[in-house]
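Visitor: Let me begin by handing over the structure; questions about it come next.
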Amino acid sequence: MKEAYTHDRTPAPEAWDPLEGLDAISRRRFLALLAASAALLPGVSCSRADRGSVVPYTRTPGEIVPGVPVFYSSTFQEGTTAQALTIRTREGRPIHLEPNPLSPAPGWQAGLRAMGDLLGLYDPDRLRAPSRLGIPATREEALGALGSAFEDARLHDRPVLLLTGAVISPTLRGLLDDLGFALPGLRHAAWEPCRAGAEAGAFGALYGRPLAPRIRVERADVILALEADFLGADPGSAEHVRAFARRRAPAPHGEGMNRLWALEGAMTLTGANADERRRMRPTRMARLVFTLIRLLHEAHAFPLPGGLEPGDLEPFGPETAPPRLGLAAPDLGRLAADLARSGASSLAIAGPALPREAHVACHLLNLMLGGAGRTVELRPAPGGLIGLGQLRELLEEAAAGKFAAAVFWGANPAYAFPDTELWKRAVARVPATFRIGLYEDETALDCTWRLPESHWLESWGDFDPVPGFVGLRQPVVSPLYGTLQGEEILMEGMRRMKLPVAESWQERLKSRWLLEQFPLGSPASFESFWNAALGEGGVGRKPEPFDPPAADAAEIRRAAAAAERSLPDGGEEMELVLSPGTGVYDGRYGNNGWLQELPDPVTKVTWGNPVLLSAEDADRLRLKEGALVELSSGGAALEAPVIVQPGQAPGVASIALGYGRRTGSVAAGIGVNAFRLTDSRSGAPCLVPAIRILPAGKRKRGAVIRRQTHPRMEPRSPVRSWTLAEFAAGAGRAGHHGEAHATASLIPKRDYPGRKWGMAIDLSACVGCSACVVACQSENNVPVVGPEQVALGRDMQWLRIDRYYQGDPKTPRVLHQPMLCQQCENAPCEIVCPVNATTHSPDGLNQMAYNRCVGTRYCSNNCPFKVRRFNFFDYTSMKREPETLVHNPEVTVRPRGVMEKCTFCVQRIQEAKQRAKGEGRPLADGDIRPACAAACPASAIVFGDLNDPGSGVSRLAASGRGYRLLEDLGIGPKVTYLADLSNPAGKGES
């Protein structure tokens with residue numbers, strides 16, 4: 001008999017395993033676990049709220065009906081943001097996550113990393129049992145050591161360091177307060193590596209307290225993004241995309257569409273969607289904003305914000321600024337006029353990489369235009385974050401031997417802190433170090449004790465990142481490995497100090513909600529209120545009014561002086577912008593294959609983080625794509641391959657963070673760790689003002705893996721794009737971009753007396769964020785193939801986002817187009833299949849019969865859209881348990897030698913039909929939402945019945961912007977694209 005947990009690196013002496021002896025976590029064992037999981041889940045469909053215990057599955061919980069999914073509301077935290085999710089479970093295991101469309105939470109739209117982290121639950125690399133210096137230990141030994149360390153620190157009056165990620169949970173804040181009361185020397189610090197601290201420093205200095213701006217994109221007519229990728233990798237980007245897309249549809253007479261200006265050095269997803277984009281060095285942006293402030297004051301009569309005098313703006317003359325800033329004078333004038341015209345409906349956003357003076361200047365611009373309180377709201381900063389410099393100070397104290405113990409929970413300083421030598425000295429001088437985490441990561445390897453924690457899908461929690469709503473997280477499955485939440489681990493340490501603590505974290509959470517959230521005098525019981533809150537994902541509350549104090553005039557003058565010094569008189573060095581990776585973010589998702597294989601939305605690079613250079617800099621340095629270079633700054637250096645990025649500003653290099661991990665079977669060795677180039681003594685560590693770039697060797701084959709290598713549309717123009725003025729003048733009507741061709745066909749015309757499924761995709765709303773790609777992969781059991789297979793063109797994602805460049809490669813217009821099976825009426829793939837494995841359904845779907853397919857790949861050759869995928873290997877057999885538990889049981893797992901493609905989520909179509917039939921009603925428009933449509937934050941994808949003239953998809957298909965791809969071939973695609981619209985300044989305006 002094999003040992004339990006055969007893929008574990010260390011045995012689990014006290015891991016919860018009621019069926020010890022089973023091989024790993026098999027499906028059979030999972031059936032035994034699910035009864036406890038169901039008893040644990042007290043959502044809208046659950047009857048019990050206690051944790052429960054494992055019971056034989058013959059005693060099936062009442063809410064579990066085999067074959068019927070159960071849905072739960074929950075909340076995902078990333079940094080200082082919370083995101084509302086709907087979790088789909090089958091037979092007790094979560095199989096799909098998507099944004100909660102019914103959530104009352106304001107601005108809690110879930111993004112692609114939230115959906116993709118489902119794979120993290122079933123990651124076989126997760127820690128399963130405690131260990132000491134790599135030697136297995138029991139849970140009691142580990143918790144006893146933690147309690148002893150706390151008790152010794154209290155008795156000897158020595159401080160304890162607790163380093164966590166952002167804390168946005170009111171109940172957790174209460175727990176940390178209690179721990180601090182018991183340990184007077186507790187030093188709690190919250191650190192997020194990709195929130196560099198310049199913004200917090202700026203607002204803290206301006207107002208004397210930690211404040212943070214909350215941007216309201218939906219209220220802005222004109223948006224100015226300064227090295228701010230608010231539509232891209234930002235943790236709140238999904239909500240920003242939703243708000244931005246709402247204003248991208250043309251209103252009558254061409255009114256109501258917003259305009260986005262992007263000034264940036266690196267080509268970002270936000271810049272790719274800008275109506276007006278200009279290349280600029282990030283170090284010049286503070287000076288630019290002060291110049292804009294002066295121009296608005298002198299040319300447009302805007303009063304200066306309090307604390308700023310005309311004399312402070314003397315160095316920022318508009319007449320001399322444009323040549324030095326790299327922005328043409330007409331562009332500066334148009335930008336100022338645009339902001340002046342929109343006034344209080346303007347919004348300026350400074351990116352996290354920019355220095356402190358840029359954030360101050362940007363906030364002053366918002367104050368001047370009247371946007372404060374409308375397009376940007378100031379609130380107390382959530383999370384209580386420290387910057388990289390403050391973390392350095394803490395580690396220097398640790399290196400001096402000041403701490404009796406240190407607990408690292410969430411944050412991974414061994415990976416993300418740039419000074420490795422200081423980190424090593426710090427942990428070596430702390431007598432007792434503890435790592436609470438999901439993985440044996442870099443920090444865990446340097447700590448004495450490693451304590452596994454539960455995944456967030458196995459955990460309780462609450463969140464209040466913004467006023468007006470408190471979200472709830474509920475576990476949707478019992479801990480797979482008998483782990484505890486991080487909060488429970490701290491409670492166990494307190495319990496061993498003989499302190500009074502709740503029986504469990506769930507009980508503490510409920511007790512706090514009873515005291516703080518339950519309405520006094522409510523006729524309903526608390527249990528009813530609690531279960532209703534779980535079903536809604538939280539409760540709303542009236543936000544307390546907040547009036548920020550007056551800005552400090554001295555800080556404003558300091559910022560102006562710093563901005564004046566930001567423009568050197570002599571030659572300029574190369575600048576480096578460091579930004580979080582779209583999929584892996586700051587490295588915390590590095591072991592997630594879905595997110596590693598997700599292409600960057602702009603570069604289309606996957607499985608790595610090359611250095612991006614402009615064409616001018618690549619020519620100057622005599623570099624070609626794939627060439628290795630050495631980047632060095634101060635005493636840090638690293639080697640990485642190069643790609644030449646259209647739209648990149650000359651003198652600016654950029655690279656993504658979150659790669660170069662040393663641990664994890666998926667993450668290790670992928671890309672380079674760019675955190676090493678950050679400067680912990682700088683106020684803006686993610687902007688390196690002087691970086692040295694030297695060739696490091698010949699071009700390395702396979703160093704850069706791209707999912708798309710041809711960026712031009714050529715004559716066919718698959719993406720149609722017009723300005724708002726062109727569309728108002730009749731673009732898209734007869735005579736514009738051609739008309740549909742009347743074509744002859746040997747295929748008999750098909751009739752669809754019932755349903756005829758189709759899809760419409762609004763390219764004006766789509767920003768290319770790739771949330772749909774992750775959702776499709778999760779829903780349809782699309783395998784991860786790895787970098788070697790992607791490099792050979794054998795990627796398996798059913799849906800891709802094509803990205804095209806138009807115009808001058810130095811300043812291109814960027815266009816995005818989701819590309820999936822077009823479900824052609826006269827499908828070229830069907831007529832060449834020799835075994836009839838791909839056929840047409842009665843409701844218009846181009847369907848696959850996997851057990852007929854013999855892998856000739858004729859269909860792929862004949863597909864003009866190249867959206868069919870072939871299984872060159874049996875990818876599922878390569879998985880380690882419990883990875884296969886993530887599979888959707890409604891979708892066939894395809895074997896080697898079989899072709900596959902998008903099915904319009906046929907399983908969801910059938911499920912909706914059965915639900916409507918069971919409810920005794922006809923199928924209604926909107927009942928069916930494929931995974932891509934449900935995940936899209938921009939609502940750019942609409943699905944429905946083309947035979948119903950009143951359906952949303954029919955109305956969009958008949959709109960003036962609608963067109964279908966390759967109609968001249970007579971294949972009859974059922975996907976309608978709505979042409980992209982842009983709203984450049986000075987064109988078509990009254």
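The values are calculated or read from the model by the stated rules, or taken from the named source; none is laboratory data. Note that the coordinates shown come from a computational prediction; the quantities given were computed from them, not determined experimentally. Ideal geometry is used to build each Cβ from the backbone, glycine not excepted, and the neighbour counts take in all protein chains shown. For the accessible areas, the whole protein counts, side chains as well, though only heavy atoms, and no ligand, DNA or RNA atoms are used. Shrake-Rupley method; radii C 1.70, N 1.55, O 1.52, S 1.80 Å.
Visitor: Report those helices (runs of 4 or more DSSP H) wholly inside segment 103-188 carrying at least 1 residues which are closer than 23 Å to residue 235 by Cβ and within 27 Å of the chain's Cα centre (by Cα).
Guide: Qualifying helices (runs of 4 or more DSSP H): 112-116, 118-121, 170-182.
Visitor: Report those strands (runs of 3 or more DSSP E) wholly inside segment 803-851 carrying at least 2 residues which are of a type outside the set (Ser, Thr, Tyr).
Guide: Those strands (runs of 3 or more DSSP E) span 813-819, 846-848.
Visitor: Also: Would you point out which residue out of 520, 472, 509, 451 is farther than 25 Å from residue 87 by Cα and in the same structural domain as residue 137 (by the TED database)?
Guide: 520
Visitor: Out of the residues in segment 663-692 that are in a strand (DSSP E or B) and touching a residue at least 12 places away in the same chain (Cβ under 8 Å), which is most open to solvent (accessible area, probe 1.4 Å)?
Guide: Step by step, filter segment 663-692, then rank; the result is 692.
Visitor: Return yes or no: is residue 773 part of a loop (DSSP other than H, G, I, E, B) and either more than 23 Å from residue 928 (Cβ to Cβ) or at pLDDT 95 or above (or both)?
Guide: no
Visitor: Restricting to segment 398-419, name every residue that is without any contact (Cβ under 8 Å) to a residue 40 or more places away in the chain and in a helix (DSSP H, G or I).
Guide: 399, 414
Visitor: How many of the residues making up segment 355-396 are among the acidic types (Asp, Glu) and without any contact (Cβ under 8 Å) to a residue 12 or more places away in the chain?
Guide: Of the residues in segment 355-396, 1 are among the acidic types (Asp, Glu) and without any contact (Cβ under 8 Å) to a residue 12 or more places away in the chain.
Visitor: Search segment 618-642 for residues being modelled with pLDDT of 95 or more and under 20 Å from residue 803 (Cβ atoms), and hand back the single one that is surrounded by the fewest Cβ atoms within 10 Å (Cβ to Cβ).
Guide: Applying the filter and picking the extreme gives 618.
Visitor: Still on this structure: I want to confirm something. Restricting to segment 693-704 and keeping residues that are crowded, with 17+ Cβ neighbours inside 10 Å and outside any loop (DSSP other than H, G, I, E, B), which single residue is modelled with the lowest pLDDT?
Guide: Among residues in segment 693-704 that are crowded, with 17+ Cβ neighbours inside 10 Å and outside any loop (DSSP other than H, G, I, E, B), the one modelled with the lowest pLDDT is 696.
Visitor: For segment 773-784, what are the residues that are within 19 Å of residue 898 (Cβ to Cβ) and either touching a Leu at 6+ places or on another chain (Cβ under 6 Å) or buried (at least 22 other Cβ atoms within 10 Å of the Cβ) (or both)?
Guide: Across segment 773-784, the qualifying residues are 776, 777, 779, 780, 782, 783, 784.
Visitor: Between residues in segment 799-811 that are at positive phi and residues that are in a strand (DSSP E or B), which pairs lie under 6 Å by C-beta distance while being six or more apart or on different chains?
Guide: These pairs meet every condition: 807/813.
Visitor: Before we move on, is residue 727 crowded, with 20+ Cβ neighbours inside 10 Å and assigned by the TED database to the domain that holds residue 612?
Guide: Spelling it out, it is not the case that residue 727 is crowded, with 20+ Cβ neighbours inside 10 Å and assigned by the TED database to the domain that holds residue 612.
Visitor: Quick one: count up the residues across segment 705-724 that are assigned to a helix (DSSP H, G or I) and either open to solvent by less than 50 Å² (accessible area, probe 1.4 Å) or at pLDDT 90 or above (or both).
Guide: So the count comes out to 1.
Visitor: From (1) within 20 Å of residue 768 (Cβ to Cβ); (2) assigned by the TED database to the domain that holds residue 593; (3) open to solvent by 50 Å² or more (accessible area, probe 1.4 Å), pick out the condition that doesn't hold for residue 648.
Guide: For residue 648, the failing item is (3).
Visitor: Another question, then. I'm checking my understanding of the structure. Among residues of segment 183-193 that are aliphatic (A, V, I, L, M) and buried (at least 17 other Cβ atoms within 10 Å of the Cβ), which one is nearest to residue 679 (Cα to Cα)?
Guide: Per the stated criteria, the residue is 190.
Residue-wise test of (1) in contact (Cβ under 8 Å) with a residue 40 or more places away in the chain; (2) out of contact with any Asp or Glu (no Cβ under 7 Å at 6 or more places or on another chain); (3) over 21 Å from residue 409 (Cβ atoms).
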| site | (1), (2), (3) |
| --- | --- |
| 143 | yes, no, no |
| 197 | yes, yes, no |
| 209 | yes, yes, yes |
| 228 | yes, yes, yes |
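Visitor: Now for a separate question. Residues that are open to solvent by less than 10 Å² (accessible area, probe 1.4 Å) and over 27 Å from residue 417 (Cα atoms): does segment 383-394 have at least one?
Guide: No, that holds for no residue.
Visitor: For segment 594-616, how many residues are more than 15 Å from residue 655 (Cα to Cα) and either among the basic types (Lys, Arg) or surrounded by fewer than 23 Cβ atoms within 10 Å (Cβ to Cβ) (or both)?
Guide: The qualifying residues number 2.
Visitor: Among the numbered criteria (1) at pLDDT below 95; (2) more than 25 Å from residue 941 (Cα to Cα), which single criterion is violated by residue 255?
Guide: (2)
Visitor: For residue 213, all conditions in the list (1) assigned to a strand (DSSP E or B); (2) open to solvent by 20 Å² or more (accessible area, probe 1.4 Å); (3) farther than 17 Å from residue 380 by Cβ hold save one; what is the number of the exception?
Guide: Single failed check for residue 213: (3).
Visitor: Ok, one more. Take segment 315-339 and flag every residue that is open to solvent by 20 Å² or more (accessible area, probe 1.4 Å) and either on the phi > 0 side of the Ramachandran plot or not in a loop (DSSP other than H, G, I, E, B) (or both).
Guide: 323, 324, 326, 329, 330, 331, 333, 334, 337
Visitor: Surrounded by fewer than 24 Cβ atoms within 10 Å (Cβ to Cβ), charged (D, E, K, R) and not assigned by the TED database to the domain that holds residue 655: is that true of residue 264 in this structure?
Guide: No.
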